[in-house]
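In what follows, a structure is listed as structure tokens, so that the remarks can point back to it.
The values are calculated or read from the model by the stated rules, or taken from the named source; none is laboratory data. In this text the structure is predicted, and so the values were computed from the model without any measurement. FYI the Cβ positions are ideal-geometry reconstructions off the backbone, even for glycines, and counts take in every protein chain you see.
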Amino acid sequence: MTVDTLAVETPSDAADTPDLMNSSAAAAAETPDTSEASDTDSAEVAKPKKAPAKKAAGKKTKTLELTLTVTGTADGEWRAELKQGTTYLARDLAVAAAAVSRAAKELHEDLSTPIDEVIEEARAQQAAKVAALEAELEAARKALADLD
């Protein structure tokens, strides 16, 4: 009985596993065909691929989920509430529009842009309201002066 040995091939850069089909074909071409060969000889030539090693699972970080809800009105009043799961940690807190704007800018530009637009719209509405009230006040002062 003859034992065939294969030369160790250096790994190529093209693939990360050796090409078993080509090495088996090359070994078969070098080996004379004998009737005494059994299934165990061919099993030695074509070895099964090893499974890739599993990476060690890293330590999973526990996540903490908090929900901050900030609501505003057209009058420029802002309220905030903070929840953890279904439990309220803070409720119905009055916050200044400037604080909401600063907080949004600190968090992310995508948050601050729409919030600043809403604050600007509320500011414009309040300015219009102030102008209307000033006109009404001026009219009332004039009426008061006419009564003297």
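Structure data summary
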quantity	calculated
Test: residue in the range 84-95 that is loosely packed, with under 10 Cβ neighbours inside 10 Å, of a type in the set (A, V, I, L, M), modelled with pLDDT of 90 or more and in the same structural domain as K129 (by TED's automatic domain parsing)	yes
Residue satisfying all of: in the range 71-83; at pLDDT 90 or above and of a type outside the set (D, E); surrounded by the most Cβ atoms within 10 Å (Cβ to Cβ) among these	W78
Close pairs (9 angstrom Cβ cut-off, 6 or more residues apart or separate chains): over 15 Å from A99 (Cβ atoms) in the range 55-84, aliphatic (A, V, I, L, M) and part of a loop (DSSP other than H, G, I, E, B) anywhere	K83/L66; Q84/L64; Q84/L66
Residue check, V100 of a type in the set (V, I, T), out of contact with any Cys (no Cβ under 8 Å at 6 or more places or on another chain) and either modelled with pLDDT under 90 or not in a helix (DSSP H, G or I) (or both)	no
